[in-house]
Amino acid sequence: MLRSSKFFKLEGLPEYKVKVSACGIVSERLLCKINCIDEDGISVSRWVDENTGSFYSQDGICKSSEMIRFVSKPIPSGRMVPSQVKREIEGHQRSNAYRWGFEDDIG
């Protein structure tokens, strides 16, 4: 799992959308692809959830919980991973939209 103090390293990477299933509940997550070194010193590609920092293997299985897995292929979202400040602003906008019933305004 990526530590929250390291999230700034994701800024500017291409962003992807993917649908994941956890205990039968399907949701959409935003991911980016990184290269990292595993325990054996081998360079491997991993998917990282932008919000939680959870790692996913190339076959779509979450490293934090094997019950969470991809149900679709990652597709480019068309934008780069925003800065932490921008993500916080977007999160507040989404929560306010849900609070006031403007779900359709969330982009």
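Below is a table of values for the structure above.
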item: Alpha-carbon Rg/Rh ratio, for the chain, with Rh computed the Kirkwood way; result: 0.99
item: Mean Cα-pair separation over length for the chain, i.e. relative contact order, pairs under 8 Å, 6 or more apart, %; result: 30 percent
item: Candidates per GluC sites (Glu not before Pro) in region 31-70, loop by DSSP, up to 13 other Cβ within 10 Å; result: Glu39, Glu66
item: Lysine pair count for the chain [Cα-Cα under 20 Å; pairs on different chains or 8 or more apart]; result: 18
item: Low-density loop cleavage sites - chymotrypsin sites (Phe, Trp or Tyr not before Pro) in region 3-107, where at most 16 other Cβ are within 10 Å (DSSP); result: Trp100, Phe102
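All of the numbers you see were taken from the coordinates with simple rules; none came from a lab. Values in this document were obtained by computation on a predicted structure and should not be read as measured data. Every residue, glycine among them, receives a Cβ derived from its backbone with ideal geometry; neighbour counts consider all protein chains shown.
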